[in-house]
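Comments concern the structure below.
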Amino acid sequence: MASRSLGQFYPVASLLHGLDPRAKILCVTIFAVGLFLIDTIAGFLLMTLVVGALVATSRIPLAVFLRLLRPVVFIVALTVFFQVLFSREGATLLEWGFIEIHAGGLRLGFLLALRILLLVSVAGLLTATTAPVALTDGIEDLLSSLKKLRFPAHEFAMMMTIALRFIPTLDEEARKIMAAQSARGADFREGGLIRRSRALIPLLVPLTVGAFRRADELAEAMESRGYQGGTGRTRYRELRFHFRDALALAIVMVVLALGILA
Amino acid sequence: MSFEIAAGEYVGIVGPNGGGKSTLVRLLNGLLVADSGNVWVMGDDPATAPFTVRRRVGMLFQNPENGLVAPFVEDDVAFGLENLGVERLEMRERVVEAIRAVGLEGYERREPHTLSGGEKQRVALAGLLAVQPEILALDEPTSMLDVAGRREVLERLGALRGKKTVLHVTHHLEELFDADRVFVMNNGKLGTDVEPMRLYSDAELLRENRLALPTVLQLALDLGISPAKAQTPEDLAAELRRLAASESGKLP
Amino acid sequence: MTLELRDVCHVYAAGTPLAVEALRGVSLAVEAGEVLGIVGGTGSGKSTLVQHMNWILRPTSGEVLVDGVDAATLNKSELRRRIGLVFQFPESALFAPTVEEDVGFGPQRMKLGEDAVRERVRGSLAMLGVEHLAQRSPFALSGGEKRRVAIAGVLAMEPEVLILDEPTAGLDPATRQDLLSLVRTLSESGVSIVLVSHDLEEVAEVADRICAMEQGCIQALGTPQEVFYKNPANAPATVRVATVLQNSSIGRPVRYADTLAALRTLMEN
C-alpha cells in the first residue's frame with residue numbers, strides 16, 4: 001500500500017507550491033543560516049509566527065504537517081534534556097542532588113528546541129510543496145555553477161531523482177519480504193541485539209539482491225532509452241524565476257533581519 | 001542465425017526459456033553485442049552506433065516497475081526526449097500525444113508506484129512512443145501482468161500494427177494472432193519461421209518447442225477446426241454451431 | 001483443519017486521509033482437504049484476504065477461526081506453520097547461500113533436529129522436482145527453478161493448509177503445468193489448498209470450489225459450475241464456448257477434458 005513518508009510531496013495548489021524550486025531552496029538555506037544568528041526569545045517567536053503563516057499558506061492540513069515533525073520530537077527532547085541538565089548558566093532554579101537546573105540552561109534548551117523544530121519545518125515545507133523532479137532540477141541548476149569546478153551536478157541530480165523514484169518501491173518490497181519471511185517463521189522482534197541483527201539477514205539479503213537486480217534493469221532501460229549522461233540533454237520542466245520568487249527571497253531576508261535584530 | 005524483417009512487419013518470437021529470445025532483442029539495440037556475425041538496423045550496426053539505433057528501436061521490457069526512471073508519469077514519458085535533446089515546446093506536445101496514445105490522460109502527475117502493472121507498462125510504452133521509433137522490440141511485455149493489464153497493453157500494441165515494425169517476444173501464443181510471422185526459437189537457433197495460423201495447427205511443432213496454446217486455440221486444434229475461426233471462445237462456439245447446423249442440414 | 005473467516009473487514013492506513021477499505025465483511029470457510037480457488041481482478045482484495053488466514057494481516061474487524069478457535073489467541077508461529085502462505089513472486093524472498101539452507105529455514109525455525117530438517121528439505125524439493133538443485137545458490141537459478149525452490153521453502157513446514165498467491169504468474173507454460181499437478185498431488189495427500197489466481201482457466205482445472213471477489217466483497221461462492229455459469233462473461237474459455245451452445249444440450253462442462261468431450265459429442269451428432 002502507498003504510504004506517505006517523512007517530507008513527501010503533498011500535491012495541492014498553493015502559493016508555496018507555485019514558487020520556483022530554486023527560490024525555495026535558497027530561502028530555506030538562508031533561513032537555516034539565519035536561525036543560528038537569532039538568539040532572542042522575541043526573534044524566535046517572530047520566526048515561529050512566520051513559519052506558522054507559511055504552513056497555513058501551503059494548504060497542507062495541519063495534522064499531516066505535524067506527522068512530519070513527529071520523528072524529530074524524540075531527538076529534540078533528548079537535546080533539550082541534556083542542554084537543561086548540563087548548562088550552568090544563569091540563576092539556579094532547582095537543585096536536587098547533583099542535578100541543577102539553571103535559568104540560562106532552560107532558556108538555551110527552549111531556543112534549541114525551537115531552532116531544530118523550525119529548521120525541520122522549513123525543510124519539510126520545501127519537500128512537501130516541491131515536486132521531487134522540480135526539487136532535483138532546482139538543485140541541479142543551483143549546483144551547475146559549480147560545474148566549472150568539475151562538480152558532477154547532473155549526475156548528482158539524476159541520482160536524487162532515481163532515489164526519489166525508488167524509495168517507495170523499495171519500502172514496499174521490504175514489507176513484502178518481511179511478510180514472506182514471517183510466514184516461514186521469522187521473527188524480527190524477538191531476542192537481544194545480536195539475535196535481532198541476525199534475524200535481519202533474511203530481510204536484508206533479498207532486499208539487497210533485489211535492489212541490484214532493479215538497478216541492472218533500470219540501467220538497461222535507461223540505456224535503451226538513449227541516456228548518455230548530461231551533455232546534450234534538454235529538460236522537460238522549465239524553471240522560471242518570476243517576480244514572486246524574488247519577492248519571496250526578499251521577504252525571507254527582511255524577516256530574518258528583523259528576527260536577528262529583535 | 002540469419003533473418004531479415006521488412007519495415008511495417010509484425011513478427012512474433014516464441015520458444016522455451018533460455019532459447020535465446022531475450023538475447024536476440026538485446027542485440028538489436030546494442031545492449032548486447034554479437035560475438036560473430038552482423039546486425040543491421042536500417043543500415044546501422046547497433047554495436048558501433050548504439051545511439052543512432054536506439055533512437056529508432058524502442059524497447060519494452062518484462063518488468064515495467066524497473067524501467068520507469070522519474071517520480072512522475074509525465075516526467076518519465078519525457079525521459080527519452082530529454083536524452084535526445086528535444087526542444088521543450090516540442091517535448092511538451094509529444095508527451096501529451098504519447099500519453100493520449102496509451103489512454104493515460106489524467107495520470108500525468110501520478111507516481112509510478114501507485115499504478116497497476118498494466119498502467120506502468122502503458123507509461124513505459126508512452127515513453128517509447130514519444131521518441132517516435134520506427135521499430136518496437138517487446139520483450140515479454142505482458143508476462144508479469146494480470147488478465148486485465150494484459151488486455152490493456154495488448155489493445156495499445158494492436159493499434160500500432162502496420163504503423164511500426166514490431167518484434168514481440170511472448171509466451172502467450174494468442175497475442176500473435178494478427179502477426180505476419182512467428183519465429184520459433186530454441187537452443188539459440190531460429191528453428192522455424194511460420195505464419196501464426198500454421199503454428200496454431202501444428203501440434204508437433206508446438207510440442208517440440210514446449211509451447212502451450214491458450215484454451216480456445218487448443219480446443220480448435222483438438223476438434224480439428226481452423227484456428228482462424230477460434231480467436232475468441234464466442235467465435236469458436238459460432239463455428240461449432242454452424243458445423244452442427246450444416247451437418248444436421250445434410251441429414252434427411 | 002477447518003479455517004473460517006467471519007465478517008472480516010480490513011482497512012489499510014486506517015485513520016489517515018489515505019485509508020483504503022480492502023475487505024468489507026468477508027465470511028468464508030476453507031474446508032478440510034478441498035482446493036478453494038479465489039479469483040478476482042487487481043484490487044478485488046484477494047491477496048489481502050488470504051493474508052488474514054495465517055494472521056500476517058489482522059482484521060480491522062471480524063474474526064479468523066482455526067478449528068473453531070479465535071486465531072488472535074493462538075501462537076502465531078505455530079499458526080503459520082500449520083497454514084503455509086506462498087506470496088506472489090515468492091522468489092524475491094530467497095536469501096540463503098544454498099537452496100538447501102533456504103528451504104531449511106522454516107523447519108529450522110520450528111526447532112526440528114538436524115536430521116529432521118534435512119529430511120523435510122529433501123522431501124519438499126523432491127515434490128517440486130528440484131532435488132538436484134540442493135547445493136546450488138538460489139540466486140543462480142532460472143525463474144521457474146527459483147519459484148519451485150521458494151514454494152518448497154513453505155512446503156517444508158508441512159502445512160495443513162497451503163495458500164498459493166498467484167503461484168504461476170510470469171512462468172512459462174511448462175512450469176505452470178507442473179505447479180498445477182503439484183496442487184492436485186498435495187490435495188490428494190490431504191492438504192487443503194487455497195489457490196489465488198487471476199487466471200480463470202487454471203483455477204477451473206483444479207478447484208473444488210470458487211470464491212469470486214470484487215471490490216473487497218465475495219461476489220459469488222460455490223462449485224466452479226455454479227460460479228462460472230452464473231456469470232459467463234467472467235468465466236474460463238471452456239465455459240464461454242459451452243454457454244453459447246447451451247441449447248444444444250451439451251451440459252455445463254468446466255474443465256478442459258470435459259468440455260472437449262462434450263464438444264466432440266456435439267460434432268458427431
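The values are calculated or read from the model by the stated rules, or taken from the named source; none is laboratory data. Given the structure is predicted, the values throughout are model-derived calculations rather than measurements. Cβ atoms come from the backbone with ideal geometry, glycine included; neighbour counts cover every protein chain shown.
Checking B:LEU32, B:LEU81, B:LEU68, B:LEU89 one by one, the residue that is part of a loop (DSSP other than H, G, I, E, B) and more than 30 Å from B:LEU211 (Cβ to Cβ) is B:LEU68 and no other. For region C:181-202, the candidate set comprises residues that are buried (at least 21 other Cβ atoms within 10 Å of the Cβ) and among the polar types (S, T, N, Q); within that set, the residue that is nearest to the other protein chains (Cβ to nearest Cβ) is C:SER197. Checked against the criterion of being touching an Asp or Glu at 6+ places or on another chain (Cβ under 8 Å), at pLDDT 85 or above and of a type outside the set (D, E, K, R), the candidates A:GLY226, A:GLY210, A:GLY230, A:GLY185 yield just one match: A:GLY210.
Going by the structure shown, is C:VAL206 more than 11 Å from every other protein chain (Cβ to nearest Cβ), of a type in the set (A, V, I, L, M), within 13 Å of the chain's Cα centre (by Cα) and over 22 Å from C:VAL99 (Cα atoms)? Lay out the reasoning, then the answer.
On the way: more than 11 Å from every other protein chain (Cβ to nearest Cβ): yes; of a type in the set (A, V, I, L, M): yes; within 13 Å of the chain's Cα centre (by Cα): yes; over 22 Å from C:VAL99 (Cα atoms): yes.
Yes, satisfied.
Looking at region A:207-223, is at least one residue part of a helix (DSSP H, G or I), among the β-branched types (Val, Ile, Thr) and farther than 30 Å from A:LEU118 by Cβ? Among the residues of region A:207-223, at least one is part of a helix (DSSP H, G or I), among the β-branched types (Val, Ile, Thr) and farther than 30 Å from A:LEU118 by Cβ, which makes the answer yes. Checked against (1) within 18 Å of the chain's Cα centre (by Cα); (2) touching a residue at least 40 places away in the same chain (Cβ under 8 Å), B:ASP76 passes all but condition (1). For region A:182-195: of the residues being more than 8 Å from chain C (Cβ to nearest Cβ) and assigned to a loop (DSSP other than H, G, I, E, B), which is farthest from C:ARG81 (Cα to Cα)? Only one residue tops the list, namely A:GLY192. Among the residues making up region C:170-179, those that are in contact with a Leu (Cβ under 9 Å, 6 or more places away or on another chain) and modelled with pLDDT of 90 or more are C:ASP178, C:LEU179.
When the residues of region C:99-128 are filtered to those that are exposed (fewer than 15 other Cβ atoms within 10 Å of the Cβ) and assigned to a loop (DSSP other than H, G, I, E, B), the one that is nearest to the chain's Cα centre (by Cα) is C:LYS111. Restricted to region B:31-84, and to residues that are more than 22 Å from B:SER2 (Cβ to Cβ), touching an Asp or Glu at 6+ places or on another chain (Cβ under 8 Å) and polar (S, T, N, Q), which residue is nearest to the other protein chains (Cβ to nearest Cβ)? Filtering region B:31-84 for residues that are more than 22 Å from B:SER2 (Cβ to Cβ), touching an Asp or Glu at 6+ places or on another chain (Cβ under 8 Å) and polar (S, T, N, Q), the one nearest to the other protein chains (Cβ to nearest Cβ) comes out as B:ASN66. If you filter region A:121-173 down to residues that are crowded, with 16+ Cβ neighbours inside 10 Å and charged (D, E, K, R), you find that the one that is nearest to A:LEU54 (Cα to Cα) is A:ASP137. Among the helices (runs of 4 or more DSSP H) confined to region C:209-269, the ones with at least 3 residues that are under 21 Å from the mean Cα position of the chain (by Cα) are located at C:224-230. Selection of region B:38-65 for residues being part of a helix (DSSP H, G or I), among the aromatic types (Phe, Trp, Tyr) and buried (at least 22 other Cβ atoms within 10 Å of the Cβ) yields an empty set. For region A:114-123, state whether one or more residues are within 14 Å of another protein chain (Cβ to nearest Cβ), under 15 Å from the mean Cα position of the chain (by Cα) and part of a helix (DSSP H, G or I). Within region A:114-123, none of the residues are within 14 Å of another protein chain (Cβ to nearest Cβ), under 15 Å from the mean Cα position of the chain (by Cα) and part of a helix (DSSP H, G or I). Restricting the first member to region C:90-105 and to residues that are in contact (Cβ under 8 Å) with a residue 60 or more places away in the chain, and the second to residues that are part of a helix (DSSP H, G or I) and of a type outside the set (Lys, Arg), the beta-carbon pairs closer than 7 Å and six or more apart or on different chains are C:PRO90/A:ALA180; C:PRO90/C:ALA150; C:PRO90/C:ILE151.
Kindly provide the set of residues from region A:201-234 that are within 27 Å of the chain's Cα centre (by Cα) and either over 30 Å from B:PRO46 (Cβ atoms) or more than 14 Å from chain B (Cβ to nearest Cβ) (or both), ordered by number. Within region A:201-234, A:LEU203, A:LEU204, A:LEU207, A:THR208 meet the criteria.
Taking the stated definitions as given, is C:ILE163 crowded, with 21+ Cβ neighbours inside 10 Å and in a helix (DSSP H, G or I)? Judged against the criteria, C:ILE163 is not a match. Among the residues making up region B:198-218, those that are under 15 Å from B:PRO233 (Cα atoms) and outside any helix (DSSP H, G or I) are B:LEU213, B:PRO214. Residues considered: A:MET222, A:MET159, A:MET253, A:MET178. Of these, the only one that is of a type in the set (A, V, I, L, M) and within 30 Å of A:THR40 (Cα to Cα) is A:MET253.
With respect to the conditions (1) touching a residue at least 12 places away in the same chain (Cβ under 8 Å); (2) farther than 12 Å from A:ARG115 by Cβ, A:LEU49 falls short on a single one, namely (1).
Output the residues belonging to region C:226-252 that are more than 11 Å from chain B (Cβ to nearest Cβ) and either crowded, with 16+ Cβ neighbours inside 10 Å or not polar (S, T, N, Q) (or both).
Step one: list which residues in region C:226-252 are more than 11 Å from chain B (Cβ to nearest Cβ), which gives C:226-231, C:249, C:251-252.
Scanning region C:226-252 gives C:GLU226, C:VAL227, C:PHE228, C:TYR229, C:LYS230, C:GLY251, C:ARG252.
The test for being part of a helix (DSSP H, G or I) and surrounded by fewer than 23 Cβ atoms within 10 Å (Cβ to Cβ) does not hold for C:LEU171. Please verify whether region B:129-148 includes one or more residues that are under 20 Å from A:LEU218 (Cβ atoms), in contact (Cβ under 8 Å) with a residue 40 or more places away in the chain and of a type in the set (D, E, K, R). There is at least one residue in region B:129-148 that is under 20 Å from A:LEU218 (Cβ atoms), in contact (Cβ under 8 Å) with a residue 40 or more places away in the chain and of a type in the set (D, E, K, R). Within region B:144-163, being charged (D, E, K, R), under 14 Å from C:HIS198 (Cβ atoms) and modelled with pLDDT of 90 or more holds for B:ARG150, B:ARG151, B:GLU152. Applying the criterion of being at pLDDT below 90 and in contact with a Lys or Arg (Cβ under 8 Å, 6 or more places away or on another chain) to the residues of region A:20-37, the residue that is surrounded by the most Cβ atoms within 10 Å (Cβ to Cβ) is A:LEU35. Selection within region C:253-267: residues that are in contact with a Leu (Cβ under 9 Å, 6 or more places away or on another chain) and under 17 Å from C:PRO232 (Cα atoms). The member of this set that is surrounded by the most Cβ atoms within 10 Å (Cβ to Cβ) is C:THR259. Within region B:164-195, if we keep just the residues that are assigned to a loop (DSSP other than H, G, I, E, B) and free of Cβ contacts under 8 Å to residues at least 60 places away in the same chain, the residue that is surrounded by the fewest Cβ atoms within 10 Å (Cβ to Cβ) turns out to be B:GLU195.
Would you say A:ARG198 is closer than 30 Å to C:LYS111 by Cβ, more than 9 Å from every other protein chain (Cβ to nearest Cβ), out of contact with any Lys or Arg (no Cβ under 8 Å at 6 or more places or on another chain) and not aliphatic (A, V, I, L, M)? It is true that A:ARG198 is closer than 30 Å to C:LYS111 by Cβ, more than 9 Å from every other protein chain (Cβ to nearest Cβ), out of contact with any Lys or Arg (no Cβ under 8 Å at 6 or more places or on another chain) and not aliphatic (A, V, I, L, M). Contact annotation: residue pairs with Cβ atoms under 9 Å, 6 or more positions apart or on different chains, pairing a residue in region A:155-181 that is away from chain C (no Cβ under 11 Å) with a partner that is basic (Lys, Arg), are A:PHE166/A:ARG214; A:THR169/A:ARG214; A:LEU170/A:ARG214.
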